[in-house]
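No value in this document is a laboratory result; all are computed from the given coordinates. What you see is a predicted model, and the numbers here were worked out from it, not measured in a lab. Here Cβ is always computed from backbone atoms with ideal geometry, including for glycine, and neighbour counts include all displayed protein chains.
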Amino acid sequence: MTDPFERAARIVAHDGPQPWDAVVPPVVQTSLFTFDSHEAMRATFHGEALRPVYSRTANPTVQAFEAKVAALEGAEAAVAFASGMGAISAAVLGHVRTGDRVVAVRSLYPDAYRLFETTLARFGVAVSYVDGTDLAEVGRALAGARLFYIESPTSWTIEALDVRALAAQARAAGVLSVIDNSWATPLFQQPLALGVDLVLHSASKYLGGHSDVVAGVIAGRAELIAPLRGEMLAYLGARLSPFDAWLLLRGLRTLPVRMRAQGASALEIARLLAAHPAVARVRHPGLGNSLPPGLLGTASLFTVEFREGVSLARLCDSLRVFRLGVSWGGHESLAVPGDILVSQPQEPNPARAFGISPRSLRLHVGLEGTATLWADLAAAIDAACG
Ligand SMILES: *Cc1c(COP(=O)(O)O)cnc(C)c1O
């Protein structure tokens, strides 16, 4: 097998032939595409010819992004959306009907949980949450279910699951499996090769990589992607804009180097935190003895839990390089304190439902440099213990 970084680097570096021999694909900023004859229009409308008609469902810049993600994930096809939530809602709503049951791993992305507990519930679809590390529990829950929603590693708790084993369980039960691969990216995890049916991303994170786009994408077999494009994209309408697709193509160029650099920096900082006397626990898959089979490396988002007596508020207010902010996957380092999420009054509250520790801090390690970032964290922890 070729080295996955070499393979990905080749995919993101070059494009096919472009107008005027440009080295970068153009932003095709148009809403519609015209036809030069009645017959050309008829053939397209009758499904005999394939070409863009209207940018809600097909646009060349968006298609270039979709093709690149499909290649990276080893998929036959991909369909892009206006956000990661657009991809998640399409993947789920496109496959369930009233009376169905969905099984999801616990501690999934907060707004996915809220979607399941509000919108899906309103349409009569029930969701049961399982411990993704307990294959027996997963097997029992999957009996009679329609869809298995996986995230690995999970949000906040950063639990790395055995995706191959989970996919095999779903297949044995005749349940469609979907995974959110935003954390690992196709560089560190190739879920389709591990047997998962559909892989999706918040492209707002590592795929974009520069904190300037909100986008999503789903990849998989052509027979599964076509109805999502035809129904979910066309009728729910959460389409990706050509300019955002162009920014994503630009961001993807450096995905392999960013993942390597940020992953290494984060692992070093996680090790330093794990050895710090103020720290109770670091949730980073790279700190265990081994990664689950199928996870080839570790990204730069992890969670640290502090001992009692460490003021998270003082810690946050003492940070000078890390900024306080949601999202992740960009060039900048970010922190989110768990106490704010746990005490959020709105329901449903995933942080409470999944038992997130109020003494936890989620960190995203960017590209500022390990020494700079560690000095910032160490000083802030000192200030928080004083
Ligand atoms: C951010 C995120 C999403 C949602 O993506 P948006 O682009 O913000 O809609 C989904 N899954 C995970 C794991 C995320 O971190």
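Which peptide among 300-310, 25-35 comes first, and what is the full order, when sorted by highest mean count of other Cβ atoms within 10 Å?
Listed from highest to lowest mean packing, they are 300-310, 25-35.
Could you sort 340-349, 53-62 so that the peptide with the highest average Cβ count within 10 Å comes first and the rest follow in order?
Packing order, densest peptide first, comes out as 53-62, 340-349.
Using the Cα atoms of the range 1-51 to build a convex hull, what is its mean projected area in square nanometres?
Its Cα hull, projected and averaged over all orientations, spans 6.3 nm².
Looking at the range 111-180, I'd like the Rg to Rh ratio, where Rg is from alpha-carbon atoms and Rh is Kirkwood's inverse mean 1/r.
0.95
Taking a temperature of 37 °C and a viscosity of 0.692 mPa s, what whole-number D in µm²/s does Stokes-Einstein yield for the range 261-380 with Rh from Kirkwood over alpha carbon pairs?
The Stokes-Einstein estimate is 222 µm²/s.
Once the piece of chain linking Thr370 and Glu39 is laid out straight, how much longer is it, given 0.36 nm per residue of separation minus the C-alpha distance between them?
Gain in length upon complete extension: 113.0 nm.
Hey, if you put +1 on the Cβ of every Lys and Arg and -1 on every Asp and Glu Cβ in the range 1-124, which of Asn59, Thr30, Ser83 ends up farthest toward the positive end of that dipole?
Ser83
How big is the Rg/Rh ratio for the range 1-141, C-alpha atoms only, Rh by Kirkwood, two decimals?
Taking Rh as the inverse mean 1/r over Cα pairs, Rg/Rh reads 1.08.
Please state the Cα pair-distance histogram of the range 152-279 with 10 angstrom bins from zero: what percent is in each bin?
Going from the shortest bin to the longest, the percentages are 11, 33, 35, 16, 4, 0.
Kirkwood Rh over Cα pairs of the chain into Stokes-Einstein at 25 °C, 0.890 mPa s: D in µm²/s?
113 µm²/s
When all C-alpha to C-alpha distances in the range 85-226 are sorted into bins of 10 Å, what percent of pairs does each bin hold, rounded to whole numbers?
Pairs per bin, as whole percents: 12, 46, 36, 6, 0.
What dipole magnitude, in Debye to the nearest 20, does the range 99-253 give about its Cα centre under +1 on Lys/Arg Cβ and -1 on Asp/Glu Cβ?
That gives a dipole near 300 debye.
Tell me whether the range 50-116 comes out rounded, prolate or oblate; compute the Cα gyration tensor, take square roots of the eigenvalues as a ≥ b ≥ c, and use a/c under 1.5 as the rounded threshold.
Judged from the Cα gyration tensor, the range 50-116 comes out prolate (a/c at least 1.5, a/b above b/c).
Taking every DSSP beta bridge with both residues inside the chain, roughly what % is antiparallel (nearest 5)?
55 percent
Using Stokes-Einstein with the Kirkwood hydrodynamic radius over Cα pairs, what translational diffusion coefficient do you get for the range 225-268 at 10 °C and a viscosity of 1.306 mPa s, in µm²/s rounded to a whole number?
Approximately 122 µm²/s, per Stokes-Einstein.
Using only alpha-carbon positions, what ratio does the radius of gyration of the range 159-204 give when scaled by 2.2 N^0.38 Å?
Here the answer is 1.10, to two decimals.
Projecting each Cα onto the charge dipole of the range 231-386 (Lys/Arg +1, Asp/Glu -1 at the beta carbon, about the Cα centre), which of Leu367, Ala384, Val321 comes out farthest on the positive side?
The Cα lying farthest towards the positive end belongs to Leu367.
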